[in-house]
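The values are calculated or read from the model by the stated rules, or taken from the named source; none is laboratory data. Everything numeric here is computed off the predicted structure, so don't read it as measured data. Backbone-built Cβ (ideal geometry, glycine too); neighbour counts: all protein chains shown. Protein only, heavy atoms only, side chains kept; ligands, DNA and RNA dropped before computing areas. Shrake-Rupley method; radii C 1.70, N 1.55, O 1.52, S 1.80 Å.
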Amino acid sequence: MSEQRSQQQQDSPLQTERGGTRIEDGVVSKIAGIAAQEVDGVRMGGGTGQAIGSFLSSVPGIGGGGGESRGVSVEVGEVETAVDATLTVAYGKSIPQVAEAVRRNIINRVESLVGLRVTEVNISVNDVFFPEQEQQQQRQREIEQQQQQQAEQEQRVR
C-alpha cells in the first residue's frame, strides 16, 4: 500500500525530490468552473444561485469574485481530485452532450493546469435557461447602468 502511494507521488508533477506543491480547493474549484463555462450553452449554479450571484456581482465592493466557482465543489488530495458541478443548460441543447463536453473540458483543464489527476466529474443539471431572454435582460441592465452613470455625472456637475 505504501509502495503504491509513493509510486503515485513520484508520478505527480506536484511531488518532486525538492519538495511538494499543495493546490488549494478554491483554485481547483475556480479552474473547473471556468472550464465548465467555456462550453457553449452552460451557466454555473442553478436558477436561485445565478440570480443571487448576478445581484452580488452588481454591488460595488462585493462583486467580482467567486462567480467562476459558483456551483462547483471539489475534493483535493495529494495527487488527484474529484469534482462535482451544478449547472444550468440552454434550452434546446442536448443535456447529455453538454454534460459530456463539460466533463471532458473540466478534466482537460484541471489535469493540464493544476497537475492533479481527475478521478471523476459528477454533473447535476438543475435548470434550463433561455438565451434570448438572457440577452434581453443583459441589454436592460446595461441601459439601466448607463442611465445611473449619466445621473451621477449630472449630480457631480451641479
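Restricting the search to the stretch 114-131, which residues are of a type in the set (Phe, Trp, Tyr) and either surrounded by fewer than 15 Cβ atoms within 10 Å (Cβ to Cβ) or touching a Pro at 6+ places or on another chain (Cβ under 6 Å) (or both)?
Taking the stretch 114-131 first, the residues of a type in the set (Phe, Trp, Tyr) are 129-130.
Across the stretch 114-131, the qualifying residue is only Phe130.
Of all residues in the stretch 76-98, those that are loosely packed, with under 14 Cβ neighbours inside 10 Å, within 30 Å of Thr16 (Cβ to Cβ) and at pLDDT 95 or above total 0.
A count restricted to the stretch 55-75 and to residues that are modelled with pLDDT under 95, crowded, with 16+ Cβ neighbours inside 10 Å and not acidic (Asp, Glu) stands at 4. Summed over the stretch 38-51, residues that are open to solvent by 70 Å² or more (accessible area, probe 1.4 Å), closer than 17 Å to Gln138 by Cβ and either touching a helix residue (DSSP H, G or I) at 6+ places or on another chain (Cβ under 7 Å) or at pLDDT below 50 (or both) total 1.
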